[in-house]
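Report on the following structure.
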Amino acid sequence: MRTIEKIKQEIKALGAEYAKIKSLAPEERKAFGESLNQKRQVLDRELQEALDAAEASTVEPLDVTAPAAANANIREVKRGTKHPLMTELNHILDIYAKMGFDIMEARQLDDEFHMFESLNFPEGHPARDGYDTFRTEEGFIPPAHTSTMQHRALKAHKKDLKNGGQIAVVIPGRVFRNEDVDATHEHTFYQCEGIFVSKDATMGQMLGVLKRLFEEYYGQTLKIKTQPGYFPFTEPSLELLIEKPQSLGGKGDGWLEMLGCGMIHPNVLKMAGIDPDAYKGFAWGGGIDRLAILKYGIDDIRYFESGKLDFLKEF
Ligand code: DAH
């Protein structure tokens, strides 16, 4: 095969031939031009083949069976990791699954009925304002809490109540609030909702489930206590506090507010087609981000949604 240089020279020389066309008689020009074009095509093809051959001989052979790091042109292997919130959420769902709860997924766009009416907030109820809801132009609501799933979960699992059975479901989901953001408040975060219904569900059972959840999550025995709360969808409503865990530097001092809970309001059961005279239920809901922050001593909740790789890589 001729060298690349040689072929390039021939192409240049051929270029000079084209200038001769002008000096030919008009009837000779066509045939002459066509023969030059043919020669040019042959030379172009030869040049391309020569270039390809030269390139192939300079590419380092790649051993596709070698581990990635052994190949000289792959210097560093960066592995992705699970987002820390997903790790925490999976841990929490595992704890619930061991206690016998089913898992149902929440949605990221909901409506007025599931956000309010189905939860016993009549129209114009002042507690509606407490939720700082976003609304889309079409009137949908990105859920401000996972409680928007209560009505669906109750309806979907109503059949579990047959023959003395019970409803036991947890529902993790992403929630959105139109509020000012600071180190302890995000507009987007994760919550997990829990629902239990049976012929004779009691507040004592609820506190047992929640105590177990926090003890398993923090890996130690913990004291819990409640204080009165208010939610239209529970009666009575409570806020649950846990003793500050030792892992967070707690020495039997200090209480942390972890979630809202209570006995499901009869209207909420009724709207889902469950007879409140025959069945009782309890429900609870709280933030996942907050649990994780407390576990790891993170000082700014905004890191989770920030996409900061330096932060995420630490988990
Ligand atoms: N959805 C409430 C909130 O985000 C928390 C809550 C309170 C959930 C009481 C419940 C409940 O299921 O029973 O503020």
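A single entry from 226, 188, 234, 184 fulfils the requirement of being over 21 Å from residue 117 (Cα atoms), among the β-branched types (Val, Ile, Thr) and more than 25 Å from the chain's Cα centre (by Cα): 226. Looking across the range 259-275, the residues that are of a type in the set (Val, Ile, Thr) and outside any loop (DSSP other than H, G, I, E, B) come down to 264, 268. Total residues in the range 212-236 satisfying the condition of being touching a Ser or Thr at 6+ places or on another chain (Cβ under 9 Å) and either more than 23 Å from residue 175 (Cβ to Cβ) or away from the ligand (no atom under 13 Å from the Cβ) (or both): the figure is 5.
Scanning the range 138-174 for residues that are in contact with a Ser or Thr (Cβ under 6 Å, 6 or more places away or on another chain) and touching a residue at least 60 places away in the same chain (Cβ under 8 Å) gives 151, 171, 173. For the range 114-155, the set of residues classified as more than 14 Å from the ligand (Cβ to nearest atom) and either under 21 Å from residue 261 (Cα atoms) or in contact with a Cys (Cβ under 8 Å, 6 or more places away or on another chain) (or both) consists of 117, 122, 125, 126, 155, listed by residue number. Scanning the range 174-208 for residues that are more than 11 Å from the ligand (Cβ to nearest atom) and buried (at least 19 other Cβ atoms within 10 Å of the Cβ) yields a total of 5. One residue stands out among those in the range 237-251 that are assigned to a strand (DSSP E or B) and over 29 Å from the mean Cα position of the chain (by Cα): the one that is nearest to the ligand (Cβ to nearest atom), which is 237.
With the condition kept exactly as written, say whether any residue in the range 287-298 is in the same structural domain as residue 131 (by TED's automatic domain parsing), in contact (Cβ under 8 Å) with a residue 24 or more places away in the chain and not in a helix (DSSP H, G or I). For the range 287-298, residues in the same structural domain as residue 131 (by TED's automatic domain parsing), in contact (Cβ under 8 Å) with a residue 24 or more places away in the chain and not in a helix (DSSP H, G or I): present. Within the range 154-171, which residues are surrounded by 13 or more Cβ atoms within 10 Å (Cβ to Cβ) and under 21 Å from residue 208 (Cβ atoms)? If the condition is that a residue be surrounded by 13 or more Cβ atoms within 10 Å (Cβ to Cβ) and under 21 Å from residue 208 (Cβ atoms), then 157, 160, 161, 165, 166, 167, 168, 169, 170, 171 are the ones that fit.
A Cβ distance below 6 Å, combined with a sequence gap of six or more or placement on separate chains, defines the contacts here; from the range 29-50, residues that are assigned by TED's automatic domain parsing to the domain that holds residue 9 reach residues that are assigned to a helix (DSSP H, G or I) and of a type in the set (Asp, Glu) in the pairs 36/17; 43/10. Of the numbered criteria (1) hydrophobic (A, V, I, L, M, F, W, C); (2) farther than 20 Å from residue 231 by Cβ; (3) in contact with a Phe, Trp or Tyr (Cβ under 9 Å, 6 or more places away or on another chain), the one residue 156 fails is (3). The helices (runs of 4 or more DSSP H) falling completely within the range 1-114 that include 2 or more residues that are more than 30 Å from residue 170 (Cβ to Cβ) map to 4-18, 26-58.
Any residue that is of a type in the set (Phe, Trp, Tyr), buried (at least 16 other Cβ atoms within 10 Å of the Cβ) and not in a strand (DSSP E or B) - is there at least one of those in the range 125-133? Among the residues of the range 125-133, at least one is of a type in the set (Phe, Trp, Tyr), buried (at least 16 other Cβ atoms within 10 Å of the Cβ) and not in a strand (DSSP E or B), which makes the answer yes.
The values are calculated or read from the model by the stated rules, or taken from the named source; none is laboratory data. Since the structure is predicted, the reported quantities are computational estimates derived from the model, not experimental observations. Please note: Cβ atoms are built from the backbone with ideal geometry, for glycine as well, and neighbour counts cover all protein chains shown.
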